[in-house]
Amino acid sequence: MGISKRRFIQALGAATAATALGQTVAATRKRRYDLLVIGAGTAGIPAAIYAAARGASVLVIDAAATIGGTLLLTSGQMSAAGTRVQRQKGIDDTPDLFFQDLMRISRGTIDHSLARLAVDNAATTVDWLMDNGYPLLPGYPVEGVAHEPYSKPRYYWSELRGVAILDAMRPQFTQAVNAGKVDLLLEHRAVELRTGASGTVSAVAVEDSGGKRIEYQPRNVLLASGGYASNAAMFEKLSGYPKYLDASYPFAQGQGQVLAESVGGYMRYAEKYLTNFGILLATSTIPSTKLATTIFHPQQRQPWEVYVNTGGRRFVREDVPSVDAREQSFRFQPHLRHWVVFDQSVLEKAPPILEGWTRDDMLAAFKAPDANFFRGATVQDLAQAIGVPEKALADTVEGYNYGVQTGNDFYGRKHLPTKLQTPPYYAIQHQGTSITSTAGIAVNDALQVIRRDGSAIANLYAAGEILGAGATQGQAFCGGMMVTPALTFGRLLGERMIRFG
C-alpha cells in the first residue's frame, strides 16, 4: 500500500511540475525574493509555508520532478515531548526529559545546542502536523521502535510512513503556491552561490534540466537540499567506508554541501559515522539493494546463532536487549562485517532469522551460488568458505558450546538453547552501512552557515539532513531525531528565525 501510494504521488507531482514550470519561470526572473529555498523536502516545505504566512516572497527550487524529498522514502519516525497527544493520554513528559534521554543514548555526542533547539520546539511541530490530519498509528506514542527506547512514550509513527508527513503539509504548501505566495520550480538545481563585499550571499545561479541558467538575487537563502548518501564518492570520503546499500533518496547528492563550502562553510561530525547492525545485501556488486531483513532484536526473536567478525570471533552478547549496545559493539569490527553462524539443528528447530523467510527459503539460498550464504561440512570448512581463520572459528564454536553446557557463557548470554555441533554448518554474511549522511554543514544556534573561525554568513541558512545525523543524533541512532529536527528547524526559520524586514 505504501509503495503504490508513493509512486502515485511521484507521478502526480511530475505532472503538476510540467504545468507549473511553464507558468512560473518567466515570472520568477522579475522578482527579488525574500527567501530562496533550495530543496522542497522535509525542511524546505515547512520553511516556505511559514515564511509565506509572514508575508515573505518565497521561491522554492528542487532538482526532482516532485516535492517531498526523502519523505517519499523515509520511515518517517518522529519524536517529541510535551505534545497534545501525550497530554490527552496522561503522559507527563518535557523537553528536559527528552534532552536527558538524548544525552544518555548518544553518550553526550550530540550537538548540545542544536539538539536542545530541536527538542524544545518539537512538540509544536508534531501538534501542527496532527492539526493538519497526520494519521498517527493506534497506541502511539510509544517508547521506541527499531532504535534504543526512550524513557517516556514520545515516539510517533504512521502506517503511511514519511508520505503521511508530506500529505499533512501538502495542502498548506499547495495553497501558498496557488495563491502566488510561493513560487515553485521543480527540476531546477542551484549550481553556484556568489557573495558580495560583506560576505553575504548576493546571487544564486540555478539551472534547469536542460542546463539553461537563471540567476536570482534573494535576500536570504536556505539550504534544505538534504544529504549526500546517494553520492558514492562523497559517502566513502566522509564515512571511510564504501556505499554498500542502495536505498537512499537518489537526489541526495551533496550539492548543498558543495555550495556551502564554496562560500566558506565547512563540514563537521564525519567522525560520528555509525551503521546499523548489518544488512543482508542482495548482490556482491555495490551499491546493492537489500535482500532481506534479519531479526536481531531478542524482543522479537531470541538468537539461536552466534555472530562472528572477520577474525572468526564473537564480539557481542547476541541476546543483549539494547539495540545501541549491539550497534556500538559492531562499529569496532573490521570492515563493518559479520556472519551469523549456526548448524543444522538450529536450522531445523529455530524460527527463521530472516523476516518472512521459511526454512525451505533458507535452504534454497544456501544451495544456490550466493555471495552471502555459506555452508561447510565442518566448522573448519565453513571458516574457509567465509574467509576467517579456521582455528579461531573452531575455538569460538567450542567456547560457545561450553557456555551452553555449563550455563556460563563468556559474554553473559542468557538464551542458550542448543550447542552448535550438528553438521553441516551455515553462515550468513551481513554488511554494516548507512542510508543517511552523518557529516553536515556547520551552523550556529540561529542555523546560519558558519565559517571555520565561527563567523556567520548572515543570510545563508541550513536545515535538514544537510546538517548531518551526527548533529542531532550524535554517534548513536536516536529515534525520530532526523525527521523531527528537519521539520522543526524548517518551521522555525520560516516562522521567526529569518528576518525579512
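The values are calculated or read from the model by the stated rules, or taken from the named source; none is laboratory data. The structure presented is a predicted model; accordingly, all values stated were derived computationally and were not measured. FYI the Cβ positions are ideal-geometry reconstructions off the backbone, even for glycines, and counts take in every protein chain you see.
Could you tell me whether the range 84-95 includes any residue that is surrounded by 24 or more Cβ atoms within 10 Å (Cβ to Cβ) and either within 19 Å of V206 (Cβ to Cβ) or over 19 Å from the mean Cα position of the chain (by Cα) (or both)?
no
For the range 388-501, list the helices (runs of 4 or more DSSP H) that sit wholly inside it and hold at least 2 residues that are out of contact with any Leu (no Cβ under 6 Å at 6 or more places or on another chain), of a type in the set (D, E) and over 25 Å from S248 (Cα atoms); which are they? I'd like the intermediate steps shown before the answer.
Working: elements: 390-406, 469-472, 483-492.
Those helices (runs of 4 or more DSSP H) span 390-406.
Just wondering, is there one or more residues in the range 164-174 that are in a helix (DSSP H, G or I) and either farther than 30 Å from M481 by Cβ or of a type in the set (S, T, N, Q) (or both)?
Looking for residues that are in a helix (DSSP H, G or I) and either farther than 30 Å from M481 by Cβ or of a type in the set (S, T, N, Q) (or both), one finds at least one in the range 164-174, hence yes.
All but one of (1) free of Cβ contacts under 8 Å to residues at least 60 places away in the same chain; (2) not assigned by TED's automatic domain parsing to the domain that holds G227 hold for D246; which doesn't?
The single condition D246 does not satisfy is (2).
Considering only residues that are charged (D, E, K, R) and either modelled with pLDDT under 95 or outside the structural domain of Q302 (by TED's automatic domain parsing) (or both), which ones fall in the range 417-450? Reasoning before the result, please.
Just the residues of the range 417-450 that are charged (D, E, K, R), to begin with: 419, 445.
Within the range 417-450, D445 is the sole residue that qualifies.
Please find, among A456, A446, A469, A394, the residue that is crowded, with 24+ Cβ neighbours inside 10 Å and on the phi < 0 side of the Ramachandran plot.
It is A469.
Please determine whether any residue of the range 70-88 is touching a Lys or Arg at 6+ places or on another chain (Cβ under 6 Å), part of a helix (DSSP H, G or I) and at pLDDT 70 or above.
There is at least one residue in the range 70-88 that is touching a Lys or Arg at 6+ places or on another chain (Cβ under 6 Å), part of a helix (DSSP H, G or I) and at pLDDT 70 or above.
Restricting to the range 228-262, what's the tally of residues that are more than 14 Å from the chain's Cα centre (by Cα), outside any helix (DSSP H, G or I) and under 12 Å from I441 (Cα atoms)?
Qualifying residue count, the range 228-262: 1.
Quick check on my filter: what residues within the range 343-363 are assigned to a strand (DSSP E or B) and surrounded by 21 or more Cβ atoms within 10 Å (Cβ to Cβ)?
Residues of the range 343-363 that are assigned to a strand (DSSP E or B), as a first pass: 343, 354.
Once the filter is applied, which keeps residues that are assigned to a strand (DSSP E or B) and surrounded by 21 or more Cβ atoms within 10 Å (Cβ to Cβ), the range 343-363 yields only D343.
All but one of (1) of a type outside the set (K, R); (2) crowded, with 23+ Cβ neighbours inside 10 Å; (3) modelled with pLDDT under 95 hold for I9; state the number of the condition that does not hold.
The number of the failed condition is (2).
For the range 179-224, which residues satisfy the criterion of being touching a helix residue (DSSP H, G or I) at 6+ places or on another chain (Cβ under 7 Å) and not aliphatic (A, V, I, L, M)?
Across the range 179-224, the qualifying residues are K181, D183, E187, R189.
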